[in-house]
Structure formats: structure tokens, C-alpha cells
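Colleague: Got a structure for you, questions after.
Please treat every number below as a calculation from the coordinates, not as lab data. As the structure is a prediction and not an experimental result, all values here were calculated from the model. Note: ideal-geometry Cβ built from the backbone for every residue, glycine included; neighbour counts use all protein chains shown.
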Amino acid sequence: MWRTIVKKELLETIFSYRFPLFAVICLLLVPLSMAVNQAAYAKRVRDYSDQVRLADEAAAAIKIQDIMAGTVAIRGFRRPAPLSVFTQGFESTLPRYYEFTQDGFKPGESATDDETILSVQGKVDFVFLVQMVISLIAMLFASDMVSGEKESGTLRAMLANSLPRDTLLSGKIGGGFLALWVPFLLAFLFGAVVLMFGAFPLAGGDTAVRVLIVLLATSLFILTYFTIGIAVSTSTSKARTSLVAILIVWAAFQLIVPRLGDMIARLAHPVRTETQVSLQKSLLVRSLDAETAKELGRQYDLIFKGAPEGAADNENSPERKKWDPIRDDIQNRARETKSQQLSAIDETYLQERRRQLDLAVNLSLVSPSAAFARFIADVCGTGELERAKYVEAVRSHQMALDNELFSKVKRTLMMHEGGGMSMSFSAQPVDASKLPRFTITPATVAETLKANARSLISLLVWLIAPFAFAYAKFVKYDVR
Amino acid sequence: MAEHQAILKADGLSKRYEDGVLALDRLNLEVQPGEIYCLLGANGAGKTTTINLFLGFIPPTSGSCFINGIDVSKDPLEAKKYVSFVSENVMLYGNFTARQNLDFFARLGGKTALTKDDYYRAMRRVSLQEKAFDQRVKNFSKGMRQKLGIAIAIVKDAPAVLLDEPTSGLDPKAAAEFLDIMAELRTEGKAVLMSTHDIFRAKEIGDRVGIMREGRLVMERTRDELHNEDLNRLYIDYMESAGQPASA
Ligand SMILES: Nc1ncnc2c1ncn2[C@@H]1O[C@H](COP(=O)(O)OP(=O)(O)OP(=O)(O)O)[C@@H](O)[C@H]1O
Ligand SMILES: [Mg+2]
């Protein structure tokens, strides 16, 4: 019985004028979006390789004097995410690199710099197509599956038989979804073939697993929207009403709720920009450095006041014996204070961001679409998780460079009471070829799933709730 | 036992709609195997309501209806195994061919092993033109749809057949063909309950004729009783006494 219904729904959908339209949209747009984004990815990879090579050459040629002069900036580049062919996410808005100096790090420019206004506004990628086009079509397909048959009277004809309503409903969902899913699957596979022709590393590492997760999650996402459509259809008795209701539900889920969630989160927990934070940090560094210099100058003047000529240069003079530990102590304390306060700023900033993100995530759980987009972006390495990993990597790289490089150079700047300044350096040798390399450890699949627990639960609820709702409605549906 | 013989049976069946309209008032009615029962009555008399109750589309307010001895409101799925239904406007899937429609509904009716030839035979029996067998039903005329609807009922081969105004809108030839098929069903021993506005055909085909008014069965006559009566006259008489309490 169930199979009879499934087959009928499948055929009915395929015979409808909507079906070829959908098939063409899928088979054309999905592979096309992948091909286009693959080309963009390939370009980013080329840029990345070039820049890393240049940066490596520059790093190898670092001279201790450069560090002393404070003109050295070490750059750490982020490798473009291959799976950005599915979803752009933050791919082009994240800084391409960070710059590391003695006084901390700051973000470099992002890849959006060489894009046009249109491409920044309307990125068409696989996830966009699924969210904006396929989901809508899925809902439209479902919109008249119950109310339309009631209107045409075929629902009565069917239910005049010994046909349980739950069988009918699940058969409708099964058949209708299959009719959507098969063209979608073909389009996806076709896209994968296109990617492989473009020498995309589809088999490398856990890429294949991630692609399968994308396929699975997307399939379930389409099923969710299809079932929501059915649920709307069982709540209305006219196909026309269903259509209007579906457009409203769709707009709310796709366009309004996710954006509203983000906007509310922004209002409730405003967060400074990263540039503002860098500015705050450099102001702090400057004022701390000045304070240290003043302190050093004061102590120096105190000790060397009235000291014999040359006492400052003679390591064995009593003044030097007194001065050296005091200077070291001041500098050590200053370094500690600086790093404490800098990481406090970073920490506060991260917390602000986390708080905002948390609220945005929670609010957006109201829409399956937002949860889906977050999840897929994380699976593809272009989401919040990647951003967090990037920052994490940047912070630990800064620490590594502090240890291996910046601490090898000691700069002593003194400001004297009278307004005079003096500077002295001491440096240990640095082997530039042994400097740590900047790498971002990507989130593992397990980590990604765990970090997205809330989104996944939301998606699951959104998958089950419309089923339950449609079922409850349909059992009592007035078929006359 | 009479109640085991009746394939279709309404027992004190009443229906009051949510808006308070008493559409059916303690209806008692039986249709035996090999019997055609014609239900007459003005618009709004409660004929469709009766059929909807038999199909379990709406729950009765009181009383019950039985198909093949099974209480419809207790076990609708089991009861519906024994009934075929032809609605006033037979509704089909426009993008399917006549045979595909037939195949789909036959399977719903529990007939899963039928062949193409079985379908062709059924469609020939209702005298649907051959060239329409494998055409999409989108552009079928009302008469063609009606024929296909009856073919669906024939294929299901259930002991009870419910028809709601099956001849409305049919041309005289199609209506005559329809009556022939009904007669065949009777010969096969089916219990047929048919609502209609067509007094003359009711007299011609009905083994029993009932007249409904405001939810009540106000008159019932067998074929023999009707033989010497003018049904048209009877009908109008019963309708005209609308103001007074009806005596059944
Ligand atoms: N869903 C409903 N809600 C309320 N009242 C209804 C409903 N369906 C039918 N009725 C009322 O019940 C009464 C019987 O209607 P029914 O459709 O059974 O009549 P009928 O004999 O089939 O008429 P017709 O010859 O026009 O088909 C009418 O008064 C009608 O207005
Ligand atoms: Mg009626």
C-alpha cells in the first residue's frame, strides 16, 4: 500500500510542470556554483602559495638589527579551505594573514579586497542554492500535496478505500521527497565530478567524510523543508492558501529569523571590531612602554647620579652591579604586565564575541536554515569554528615567536627626568630557519559535530516536529 | 438473520454538524445483496451526509452504520474493504492515463495482481472508448470520467457500492449505459446505494426508492409498490408537506 502511494506521488510529481523546472535548476546551478567556487578557491590557493613563499624568503633573511629596529613583521597566512567550494562562509572575510610583531599581532587584509560589491553581497554557492532555491521549491512541491488533493476530490477517492491515513501521509512524504531528492543527488554527484575534473582534492584526508556529511545534512534539510510544506498543506484546505502560507513561512525562516537573530545579538551584546582591539592594544603597549621607560630612567638617574665617569659601561662597577638586577626586574615585570594586560584584552574581546555569537546561535535555532548554514560552514572549514581556530593559532604563534624570536632581543628604552631619551640593545643570535611555522589545526569532524550540538538538535527537532504536526493534523483532516 | 444479510445498514443514524444543522435524523435503512436502493431528496436533504457517514469521512452524532456487518465508526479500515465509492464528480489524476488511474485505485482497493487486460476489460465494460484507455484523463469529459470512476468500482469488486448523484450531467445515452451497468452489478449480487435527483431513472432501476427530507427518510417504496404509482407525484407530495411534521 505504502509503495503504491510512493510510486503515485513520485509519478505525479514527475509529470507536473514543476519537476523539469526543478531538475534543470538543480542540474545546472549546483554544478555551476561548485565550478565557479572551485575556480575562486584555486586562485586563492595560488595567492596563498605565492605569499607564503615571499614571507618565507623574507623570514629567512631576517637580521637581528631589523628586530632591534622594530621593523620586522612576521606574517602568518591562513590556507584557504578547499570545501569553501560548497559554502563561502567567512572564507573571504577572514583576514588572509596576521602580522606578528614584538608588540602583539594584528589582522591583515581580507580576500574581499579584490571583489566587487555584487559578489560580496550575493555569493552564490551550494549552501545558498539549497537554502534559498531548493528549500523554496521543496516547500512549493509539498504545498498542495494534501490541500490540492482535497480540492480536486482525489483525497476522498483514495480514503474511500481501506487506506490508513498515516500510510497515506508517509507515502506522500516518501514519494514526494524522492522526486526531489533524486535530481538533487544527481546534481550533487555531477558537481562532484566537475570538482574532480578541476583537480579538487576530494579524496584527501577527511574531505570525503565531510562531503558525505554535507550531502547527508543537505538531504535531511531538504526533507525538513518538504515536511514543513506538507505540514502547512495539512493545515489549510485550499491549495492557494497553502501557497501563501508557505511563502510566509519560508520568508520568515530564510530571511527574517536568522537576520533578526543576528541583529538582536548585535544590539544586546555589541562587539568591537578587531581593528579597534588592535588599536587598543597598541595604545596600551605604547603607554606601558612609556611607563617602563620612565621608571627605568628614574632608577638609572638615581643610581648613576654622581657616579664616576664610565661607571655605566663598566660591568664591574658597583653602580652597574646595583643597576643590572633592578633593570632586569623592571623589564621582567613590565613584560609580564604587558602580556597579562594584552591577553586580558584579547580574552575580553573573545568573550564579547562568544557572548554575541551564543545569543545569535540560540536565537537562530528558531530557524532550521540558520542552524543548517552554521553547521555546513563548520563542516567545510569556513565557519565560526574555523574563525576561533584561526584566532587560537594566531595567539599561540605569537607566544611561540615571543619565545623564539622577540625575546632574543632586549631593547632598553629610558626616559630621563630632564626629558632626555636613551636606548640600548642587547641581542642573542637567532636562527631564522628554525622559527616556528604558522599553522591552523583544523577542527576534526568529531569536534565539529560536538561544537554544533545545538544546531544539530535544532535541525533534528525541525525534522521531527513538522512530521508530528502534519500527522496530528492529517489524522483529523476533513477530506470532504 | 436480516442484519447479516444487509450489506449496507444505517441504524438510527444521526448527524448534527458543528454549526448545529441536523443534517440526518435517525435514519434507518438497509440494502441487501443484489439490491439497488435509490435515495431521492431535495438539495440539502442529507443524501451526501449519509454517504459520507458510510465512508467514515465524518463521525455520526448518534446511531451507527454498518458495511458487511462491520460498524464503520468502530473499524473504518476494515469496513471500507467492502465498499466502492463513485462520487458526483469523479476525480482522477489528470496527468495519469486512464489505465494508470485505474491501476492506482485498484491497488488501493487491495487488487494488486491485476493485469493490463483486466484493466482494458473493465474499461470496455463501462464502454469507455478504446482510444481513451491510454490517454491522460486531463481532458476527459464528465461522462468519460464517470465511466472510469465506475470502472474503478468494478475493478475493486466490493460487495457494496455507494454512488452520489452518478447520473448528474450525463447525456441521455451515457445515462442509459450507466443504468445497464448498474443492472449488471445487481446481477452480480452487489448492494448498491445511490443518491440521485433523477426520479424517472430511480423508478426504472431502483429495487427500492427512499425519499429524504430534512434529514429524515419520509417515504420508502419497493419496486412492486411503485409499479402502479406515479413516483413524480409522490415526490412532489412529500416535498410539499415540508411545513408539517413528516410521517414516515
Ligand atoms: N460540513 C457541513 N457543516 C455544516 N452543515 C453541513 C455540512 N455539510 C452539509 N451540511 C448541511 O447538511 C444538510 C444536508 O446536506 P447534504 O450535503 O447531505 O445534502 P444532499 O442531500 O446531499 O444535497 P444535494 O442534493 O444538494 O447534494 C444541509 O442542510 C447542509 O447545509
Ligand atoms: Mg449531495
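Colleague: Assuming R0 = 60 Å, can you tell me the calculated FRET efficiency for the pair A:Glu315 and A:Thr207, based on Cβ-Cβ distance, to the nearest 0.05? Walk me through the numbers before you get to the answer.
Modeller: On the way: r = 60 Å, r/R0 = 1.00.
Efficiency, rounded to the nearest 0.05: 0.50.
Colleague: What percent of all Cα-Cα pairs in the range A:322-480 falls into each 5 Å bin, going from 0 up to the bin containing the maximum distance?
Modeller: Bins of 5 Å from zero give 2, 7, 10, 12, 11, 10, 9, 8, 7, 6, 5, 4, 3, 2, 2, 1, 1, 1, 0, 0, 0 percent of pairs.
Colleague: Obtain the nm distance between the two label points defined at B:Lys131 and A:Leu255 by a simple spin-label model: each point lies 7 Å from its Cα along the Cα-to-C-beta direction.
Modeller: That separation, rounded to one decimal, is 5.0 nm.
Colleague: While we're here: Would you tally the net charge around A:Ala360, using a Cβ to Cβ cut-off of less than 12 Å, leaving A:Ala360 out, and scoring K and R as +1, D and E as -1? It would help to have the intermediate numbers written out before the result.
Modeller: Working: positive: A:Arg259, A:Arg266, A:Arg353, A:Arg354, A:Arg355, A:Arg374, A:Arg454; negative: A:Asp262, A:Asp358, A:Glu384.
Combined, the nearby Lys, Arg, Asp and Glu give +4.
Colleague: Please compute, for peptide B:49-61, the average count of beta-carbon atoms on other protein chains lying within 10 Å of each residue's beta-carbon. Walk me through the numbers on the way to the answer.
Modeller: Working: counts 1, 0, 1, 3, 0, 1, 6, 3, 7, 3, 0, 0, 0.
Going residue by residue through B:49-61 and averaging, the value is 2.
Colleague: I need the phi-derived Karplus couplings for the range B:146-162: 6.51 cos²θ - 1.76 cosθ + 1.60, θ = phi - 60°, integer Hz, Gly and Pro marked x.
Modeller: For the range B:146-162, the Karplus curve yields 4, 4, 5, x, 6, 4, 4, 5, 4, 5, 5, 6, 8, x, 10, 10, 10 Hz.
Colleague: So what does the Cα-only Debye profile of the range B:19-129 read at q = 0.14, 0.19, 0.24 Å⁻¹, as log10 I(q)/I(0), no solvent term?
Modeller: At q = 0.14, 0.19, 0.24 Å⁻¹ the computed log10 ratios are -0.76, -1.16, -1.39.
Colleague: Ordered by residue, what ³J(HN,Hα) values in Hz, to whole numbers, does the range A:409-414 give under the Karplus form 6.51 cos²θ - 1.76 cosθ + 1.60, where θ = phi - 60° and Gly and Pro are x?
Modeller: Working through the residues one at a time gives 10, 10, 10, 10, 10, 10 Hz.
Colleague: Here is a follow-up. If amide H atoms are built 1.01 Å from N in the plane of the peptide, which residues on other chains or at least 5 residues away come under 5 Å of the amide H of A:Ala427?
Modeller: A:Lys410
Colleague: Any idea what angle helix A:2-15 forms with the longest principal axis of chain A, computed on alpha-carbon atoms, 0 to 90 degrees, nearest 10?
Modeller: Long axis of A:2-15 versus the principal axis of chain A: about 80 degrees.
Colleague: Please order B:Val209, A:Val271, A:Val475 by the number of other Cβ within 10 Å, starting at the fewest. All intermediate terms of the calculation are to be shown ahead of the outcome.
Modeller: Numbers: B:Val209 25, A:Val271 18, A:Val475 12.
Result, fewest neighbours first: A:Val475, A:Val271, B:Val209.
Colleague: Still on this structure, I have one more. Mind computing the radius of gyration and Dmax over the alpha-carbon atoms of chain B? Å is fine for both.
Modeller: Using the Cα atoms of chain B, the pair Rg, Dmax is 18.0, 56 Å.
Colleague: Additional query: For B:Lys116, give me every one of the aspartates and glutamates with a C-alpha distance below 14 angstrom, ignoring sequence neighbours fewer than eight places off in its own chain.
Modeller: B:Asp103, B:Glu130, B:Asp134
Colleague: Whole-Hz Karplus ³J(HN,Hα) for the range A:394-400, in order, using 6.51 cos²θ - 1.76 cosθ + 1.60 and θ = phi - 60°, x for Gly and Pro?
Modeller: So the Karplus estimates, Gly and Pro as x, are 4, 5, 6, 5, 4, 5, 4 Hz.
Colleague: Give me the one-decimal nm value for the distance between modelled label points at A:Asp358 and B:Asp118, 7 Å along each residue's Cα-to-Cβ direction.
Modeller: Distance between the two pseudo-spin positions: 6.6 nm.
Colleague: Which far-off residues, 5 or more places away or on another chain, put their amide H under 5 Å from the one on A:Ala81, with H placed in the peptide plane?
Modeller: The list, which skips near neighbours in sequence, is empty: none.
Colleague: Viscosity 1.567 mPa s, temperature 4 °C: Stokes-Einstein D of the range A:193-271 from its Kirkwood Cα radius, in µm² per second? Write out the running numbers ahead of the final one.
Modeller: Details: Rh = 16.1 Å.
For the chosen part, D equals 81 µm²/s.
Colleague: Can you pull the one-decimal nm distance between simple spin-label points at B:Asn28 and A:Ile457, each 7 Å off the Cα toward Cβ?
Modeller: Each label point is offset 7 Å from its Cα along the Cβ direction, giving 6.2 nm.
Colleague: Just tell me which aspartates and glutamates come within less than 16 Å, Cα to Cα, of B:Lys142; anything on the same chain fewer than 8 places away is out.
Modeller: B:Glu88, B:Asp164, B:Glu165, B:Asp171, B:Glu177
Colleague: If R₀ is 56 angstrom, what is the calculated FRET efficiency for the pair A:Thr273 and A:Phe197, using the beta carbon separation as r and rounding to 0.05?
Modeller: On the way: r = 40 Å, r/R0 = 0.72.
Efficiency, from the Cβ-Cβ distance: 0.85.
Colleague: Once fully extended, how much extra length lies between A:Val182 and A:Arg240, figured as 0.36 nm per residue of separation less the alpha-carbon to alpha-carbon distance?
Modeller: 18.2 nm
Colleague: Other chains near B:101-111: what is the mean number of their Cβ atoms within 10 Å of each residue's Cβ?
Modeller: Working: counts 3, 0, 3, 9, 7, 2, 7, 12, 4, 4, 0.
Mean inter-chain Cβ contacts per residue within 10 Å come to 5.
Colleague: Taking each residue of B:79-88 in turn, how many C-beta atoms of other protein chains fall within 10 Å of its C-beta, and what is the average? Let's see the in-between values first.
Modeller: Details: counts 1, 5, 2, 1, 3, 2, 5, 2, 5, 1.
Counting other chains' Cβ atoms within 10 Å and averaging over B:79-88 gives 3.
Colleague: Stokes-Einstein D for the range B:90-157 at 25 °C, 0.890 mPa s, Kirkwood Rh over Cα pairs, in µm²/s?
Modeller: Working: Rh = 11.4 Å.
Rounded to a whole number, D works out at 216 µm²/s.
Colleague: Please check which bits of the range A:289-322 a label hung off A:Thr348 would reach, taking the label as a point 7 Å along Cα-to-C-beta and the cut-off as backbone N under 20 Å.
Modeller: A:289-292
Colleague: Also, I was wondering about something else. Taking only DSSP H segments of four or more residues, each worth -39500 (n - 2.57), what value at 222 nm results for chain B once the sum is divided by all its residues, to the nearest 500 deg cm²/dmol? Intermediate results must be reported in sequence, preceding the final value.
Modeller: Working: 10 runs with 89 residues, N = 248.
Estimated from H runs of four or more residues: -10000 deg cm²/dmol.
Colleague: Let me ask something else. Under the rule of at least 5 residues apart or a separate chain, name every residue whose amide H is placed under 5 Å from the amide H of B:Thr61.
Modeller: Under 5 Å from the amide H of B:Thr61: B:Ser14, B:Lys15, B:Arg16.
Colleague: Work out how far the C-alpha atoms of the protein assembly as shown reach from end to end along every principal axis, then list the three figures in whole Å, largest first.
Modeller: Rounded to whole Å, the extents work out to 151, 54, 42 Å.
Colleague: I'd like the FRET efficiency for A:Ile464 and A:Asp166, computed as 1/(1 + (r/R0)^6) with the beta carbon distance as r and R0 of 22 Å, rounded to 0.05. Walk me through the numbers on the way to the answer.
Modeller: On the way: r = 15 Å, r/R0 = 0.68.
Result of the calculation: an efficiency of 0.90.
Colleague: Take the cross-link list A:Lys43/A:Lys450; A:Lys338/A:Lys450; A:Lys150/B:Lys131; B:Lys80/B:Lys131; A:Lys473/B:Lys74 and give me the ones stretching past 23 Å between alpha-carbons.
Modeller: On the way: A:Lys43/A:Lys450 32 Å; A:Lys338/A:Lys450 35 Å; A:Lys150/B:Lys131 29 Å; B:Lys80/B:Lys131 32 Å; A:Lys473/B:Lys74 21 Å.
Where the Cα-Cα span goes over 23 Å, the pairs concerned are A:Lys43/A:Lys450; A:Lys338/A:Lys450; A:Lys150/B:Lys131; B:Lys80/B:Lys131.
Colleague: Add -39500 (n - 2.57) for each DSSP H run of 4 or more in chain A, then divide by its residues: what number comes out at 222 nm, to the nearest 500 deg cm²/dmol? Present the calculation step by step, with values, prior to reporting the outcome.
Modeller: Values: 17 runs with 316 residues, N = 480.
About -22500 deg cm²/dmol.
Colleague: How far, in nm, would the chain grow between A:Arg335 and A:Ala472 when pulled straight, counting 0.36 nm per residue and subtracting the alpha carbon separation?
Modeller: 42.7 nm
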